[in-house]
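The values are calculated or read from the model by the stated rules, or taken from the named source; none is laboratory data. Small disclaimer: the values here were computed from a predicted structure and weren't measured. Virtual Cβ from ideal backbone geometry, glycine too; neighbours counted across all protein chains shown. Accessible surface is based on the protein model in full, side chains and every heavy atom, while ligands, DNA and RNA are left aside. Shrake-Rupley method; radii C 1.70, N 1.55, O 1.52, S 1.80 Å.
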Amino acid sequence: MTMTVCSKEALLARLAKVDEMPSIPVVVAPLLRYLEQPLDQLDVNKVVDLLSQDKSLTAQCLHMANSPLWGHWQKVDSLRNAVVALGFQRLREIVISCSILKLVPGKAQIDPIVFWEHSLGCALVCRQFARRVNFASPEKAYLGGLLHDLGIIVNLWLLPREFATVLDMAQRQRIPLHEAELDVLGLTHCESGQLLARRWALTDDIIDVVGYHHHPEKAPNHKALAALVGLSDLLCRMGGIGHGFPEMRQVNFLEEPGFALLRSECPSSSDLDWARFTFELEGYLDEVRCLVRQLYRPA
Amino acid sequence: MTTTISSPMPQIAKSAGPPDPYLVKVRDLVYQVAGIFQPDNKLHFLEDRCQRRLKELRICTLREYYDCLTVKPIRQAELVSLLNEITIGETCFFRNQPQLDALRHVVLPAILEAKGKLPLRHLRIWSAGCSTGEEPYTLNMLLMEEAAGQLKNWTFEILATDLNERSLAHCKNGVYGDYSTRNLTPYYRQKYFDSTDNQLRVTSRLRGGITFTRLNLLDDARMAFMKSIDVIFCCNVLIYFDVLSKRHVIQHFYNNLLPHGYLFLGHSESLFGITDEFRLVHLPSTTAYVRSQHRQAVSR
């Protein structure tokens, strides 16, 4: 039964105001631009200078650098050491993810901690999954995981009332968020996310992830990446690190359309021990929960 | 809700250091041989259990212990001792809540739908390796709670089997202490138990729906009689079997289960590399196995 609250055209017109959404912290754009340069031309001191202009980003980099999630076990107590320990690539991810979190509206219907846990958890699962199946770029997969639900933020800003109905329906019926969105709005966070991803001039592969992680077969170019992120997203949601409520259903990953796509690009995924991989996730999803709760607290 | 970023210079979390590589080797060996996995956040638990064995064996390092599990003549007996340490004290009522939630909210509705068209509205659930009985009693409470809801107009029975006579006597006696009953809410205590000398005794009503029987899972003749099962729970039992015996039991389970049936194993227990006849399915915060033919059977 369709419960569309407003015509899809009217909602799309409101989503077109994506330009009016709040922007990311001032320091982020120059920092990301600087980090785009070839690695051998990057100067740690310059990065530290830029980063230290934003106290909360500094704090988060220190926290992240000290998390066993990144495989670092020595105590990192200065921003310079944090930058060195994390590496420029990961620093870029942290800057992006922290900036996105700040975009979650203050009075959002979705708990920002839940959103952040899911995004960071999915990013980590993506990277681990990519390594396990010999996917070409685990770091790209990580970034895709981090950004895949960008559209939820857009919906929270531009369609708050309608999105509240969506969340309520998904929670009550314990169904995936995108199914409730389709029912209530006639569109999903994939479409709204693509608008913001394009406005931010993200790369084509990430735009495909944002737009097609629930239907990777429809992705114009980067089907395997969208599939990998979609499967990781599903693993997180089934593993209890989803959108704040359990989805009461059964999933056979071997029969997921995304898995067939991934298998065609990464044949070794046929040999994946899904049980062990799932048990391993439990370990670092717990770590994600701890880390996120360390980083953020209610005002 | 508004969130703020925590203080600019947060206290840096102390990390315990990387895990001992031999602990990771023990973890991987236990998974390879027994099929039970300890994720990274449970490695401290595994280390604690290994330390108990180190003390018993009067050795000092995990490296020596790894040798005991691999090259020494005692390796098979030692693996059993370690598995006992890993699973000891796990038994209690409502032990694995995600599994029970999945049974109630996903598995039962799926089975009822699959069987709904049949004239016989009856469910058979088997606790294979029921130990001292907490699992079958928990399952019976769950089903009894559903009797007026989704199981209205359905009958159900629970088969509880174990190899150990003493465990079965405990089951039938139905008296449990604080440790076993730690997860029981006042609601369940009151409804399904009588208090007796600081212990809880299951009511005759709760005991009524369960058949306790001694059964060796490797006894072909007896296993062949376990028919028309909807759900099998076999938690922390197969880990003690070698690969051939595991395959043998799994083949029986395949035959014991109805086409739409489910097999639940213990937490972090896997059938990887053991059988192609079952497929892993993900349920909310847990996993189970279904017969590989199930999907084709349903779609036909």
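Among the residues in region A:76-92, are any within 12 Å of chain B (Cβ to nearest Cβ), touching a strand residue (DSSP E or B) at 6+ places or on another chain (Cβ under 8 Å) and more than 18 Å from A:Thr203 (Cα to Cα)?
No, the conditions are met nowhere in region A:76-92.
Among the residues in region A:188-200, are any of a type in the set (A, V, I, L, M), open to solvent by 30 Å² or more (accessible area, probe 1.4 Å) and in contact with a Leu (Cβ under 7 Å, 6 or more places away or on another chain)?
Quick first cut of region A:188-200, residues of a type in the set (A, V, I, L, M) only: A:195-197.
Of the ones still in play, those that are also open to solvent by 30 Å² or more (accessible area, probe 1.4 Å) are A:195.
Then drop every residue that is not in contact with a Leu (Cβ under 7 Å, 6 or more places away or on another chain), which leaves A:195.
Yes: one or more hits.
Could you say whether any residue in region A:87-94 is assigned to a loop (DSSP other than H, G, I, E, B), among the polar types (S, T, N, Q) and in contact (Cβ under 8 Å) with a residue 12 or more places away in the chain? It would help to see each step written out before you state the result.
At the first step, the residues of region A:87-94 found to be assigned to a loop (DSSP other than H, G, I, E, B) are none.
Within region A:87-94, none of the residues are assigned to a loop (DSSP other than H, G, I, E, B), among the polar types (S, T, N, Q) and in contact (Cβ under 8 Å) with a residue 12 or more places away in the chain.
Name the single residue that is farthest from B:Val231 (Cα to Cα) among those in region B:251-270 being within 14 Å of another protein chain (Cβ to nearest Cβ) and in contact with an Asp or Glu (Cβ under 9 Å, 6 or more places away or on another chain). Full working, then the answer.
Pass one, region B:251-270, residues within 14 Å of another protein chain (Cβ to nearest Cβ): B:260-270.
From the residues that got through so far, the ones that are in contact with an Asp or Glu (Cβ under 9 Å, 6 or more places away or on another chain) too are B:260-262, B:266-268, B:270.
Working: B:His260: 9, B:Gly261: 5, B:Tyr262: 5, B:Gly266: 14, B:His267: 16, B:Ser268: 18, B:Ser270: 17 Å.
The qualifying residue farthest from B:Val231 (Cα to Cα) is B:Ser268.
Could you identify the single residue in A:Pro246, A:Pro267, A:Pro257 that is open to solvent by 30 Å² or more (accessible area, probe 1.4 Å) and at the interface with another protein chain (Cβ under 7 Å from one of its Cβ atoms)? Give the derivation first.
Numbers: A:Pro267 fails: at the interface with another protein chain (Cβ under 7 Å from one of its Cβ atoms); A:Pro257 fails: at the interface with another protein chain (Cβ under 7 Å from one of its Cβ atoms).
That would be A:Pro246, the only listed residue that is open to solvent by 30 Å² or more (accessible area, probe 1.4 Å) and at the interface with another protein chain (Cβ under 7 Å from one of its Cβ atoms).
Of all residues in region B:266-280, which are touching a Ser or Thr at 6+ places or on another chain (Cβ under 8 Å) and open to solvent by less than 20 Å² (accessible area, probe 1.4 Å)?
B:Gly266, B:Phe278
Filter region A:31-59 down to the residues that are over 18 Å from A:Ser99 (Cα atoms) and in contact with a Phe, Trp or Tyr (Cβ under 7 Å, 6 or more places away or on another chain) and list them by number.
Answer for region A:31-59, where residues must be over 18 Å from A:Ser99 (Cα atoms) and in contact with a Phe, Trp or Tyr (Cβ under 7 Å, 6 or more places away or on another chain): A:Leu39, A:Leu42, A:Lys46.
So A:Cys290 ticks every box in (1) touching a residue at least 12 places away in the same chain (Cβ under 8 Å); (2) open to solvent by 10 Å² or more (accessible area, probe 1.4 Å) but one. Which box is left unticked?
Checking A:Cys290 against (1) touching a residue at least 12 places away in the same chain (Cβ under 8 Å); (2) open to solvent by 10 Å² or more (accessible area, probe 1.4 Å), the one that fails is (1).
Working only within region A:35-94, note down all residues that are touching a Pro at 6+ places or on another chain (Cβ under 6 Å) and charged (D, E, K, R).
Once the filter is applied, which keeps residues that are touching a Pro at 6+ places or on another chain (Cβ under 6 Å) and charged (D, E, K, R), region A:35-94 yields A:Asp54, A:Lys55.
Using the structure shown, decide if B:Thr155 is closer than 19 Å to B:Leu258 by Cα, away from every other protein chain (no Cβ under 14 Å), modelled with pLDDT of 95 or more and open to solvent by 60 Å² or more (accessible area, probe 1.4 Å).
Numbers: closer than 19 Å to B:Leu258 by Cα: yes; away from every other protein chain (no Cβ under 14 Å): yes; modelled with pLDDT of 95 or more: yes; open to solvent by 60 Å² or more (accessible area, probe 1.4 Å): yes.
It is true that B:Thr155 is closer than 19 Å to B:Leu258 by Cα, away from every other protein chain (no Cβ under 14 Å), modelled with pLDDT of 95 or more and open to solvent by 60 Å² or more (accessible area, probe 1.4 Å).
Quick check, is A:Thr203 closer than 29 Å to B:Arg104 by Cβ and either surrounded by fewer than 23 Cβ atoms within 10 Å (Cβ to Cβ) or more than 19 Å from the chain's Cα centre (by Cα) (or both)?
Here the answer is no, as A:Thr203 does not meet what is asked.
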